[in-house]
Amino acid sequence: MTVGRRVLVAGVGNIFFGDDGFGPEVLRGVATRSLPPGVRAVDFGIRGTHLAYELLDGWGALLMVDAVPGRGEPGALRAFEVGPDSVPAAPLDAHSMDPGAVFGSLRALGGTLPRTVVLGCQVENTGEGIGLSPRVEAAVGRAVDLVFEIVDQLLESDSAATLQPDGTEG
């Protein structure tokens, strides 16, 4: 079974907090290449409510590109699948890009989470300031390539077995 040939690639993060701007930076790289039909890439930044509303449009899958804190070497990439119950629900918050808040907003709006994969990069610095740390910046090109690989996998199959969630360490 396929995902309906519609995949949303969402870059998320705050460019004003160092490595938290990883998702938007990867989406800039994705924008330089052609996406397959039925795939849309959007830099949502910190607009969690906008992402929740977009997910009401019947997407077959979501690939969320984001910075992830504190579990490993800065710049390491990891893809993993999440379900509606794997992220703790957070209160409805129109100004939050926390995945729990986005998924909570989606539920409050009457929607359901499509098959969701997160492509995360381990951060080094999320203090105030624009620009990625050198190790996270070095991971952007690899992440752009992985976006296209994961999108192809999502378009080909609805089986989580086709994903290589831990084989993307960088």
note = Site Arg5, offset 7 angstrom along Cα→Cβ, radius 20 Å on amide nitrogen, limited to region 127-149, gives 148-149
ask   = Given H placed 1.01 Å from N in the peptide plane, which residues other than close sequence neighbours of Met64 have an amide H under 5 Å from its amide H?
value = Ala10, Val117, Val118, Leu119
query = Which of the trypsin sites (Lys or Arg not before Pro) across region 21-60 are loop residues per DSSP, with 12 or fewer other Cβ within 10 Å?
reply = Arg33
ask   = With each label point set 7 Å from Cα along the Cα-Cβ vector, what nm distance links Thr112 and Glu81?
value = 1.6
remark   = Log10 I(q)/I(0) at q = 0.22 Å⁻¹ for region 1-83, from Debye over equal alpha-carbon scatterers, is -1.15
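A short reminder: the numbers here are calculations on the coordinates, not readings from a lab. Given the structure is predicted, the values throughout are model-derived calculations rather than measurements. Glycine also receives a Cβ, built like all others from the backbone with ideal geometry; neighbour counts cover every protein chain displayed.
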